[in-house]
Amino acid sequence: MNNELASRFTSEWLQAWNEHDLDRVLSHYSDDFEMFSPVIVQVTGNQEGRLQGKQAVATYWAKALAIFPNLHFTHICTLVGVNSLVIHYLGATGKRVAEVFQFNAQGLVIRAHAHYEA
């Protein structure tokens, strides 16, 4: 991961979400992608807060887009790590979110952890 790749990913990811283009959002993820989020518990009842596989995550995100028809993310900053990055943004409810993305060798997200302002 470098600053240029992180900036491009962040821009593309935010634009896809803000345009509610689920196919474009999903294009950034591997088929065996894992998602962890406390909102998964609220929306699905899954007490682990974990979803496995692009199809399961797609179903979950489709529900989220239906729940928040005016969903818009506002970028605060991006932090670069080793094969990972964090996007810090204002989420659908106006609260701060930090999402950690881990990438495979092909540049696809294999794991993400979402963290929400208390």
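When only the Cβ of Lys, Arg, Asp and Glu is charged (+1, +1, -1, -1), the dipole of the range 3-116 relative to its Cα centre reaches about 280 debye. Enclosing the Cα atoms of the chain in their convex hull gives a volume equal to 97 cubic angstrom per residue.
For every helix of n ≥ 4 consecutive DSSP H residues, a contribution of -39,500 (n - 2.57) applies; sum these over the chain, divide by its total residues, and give [θ] at 222 nm rounded to the nearest 500 deg cm²/dmol.
Helix contribution divided over all residues of the chain: -10500 deg cm²/dmol.
FYI, it's all coordinate maths here, none of it is from the lab. The model shown is predicted, which means the values in this text are computed figures rather than measured ones. Reconstructed Cβ throughout: ideal geometry from the backbone, glycine too, with neighbour counts over all protein chains shown.
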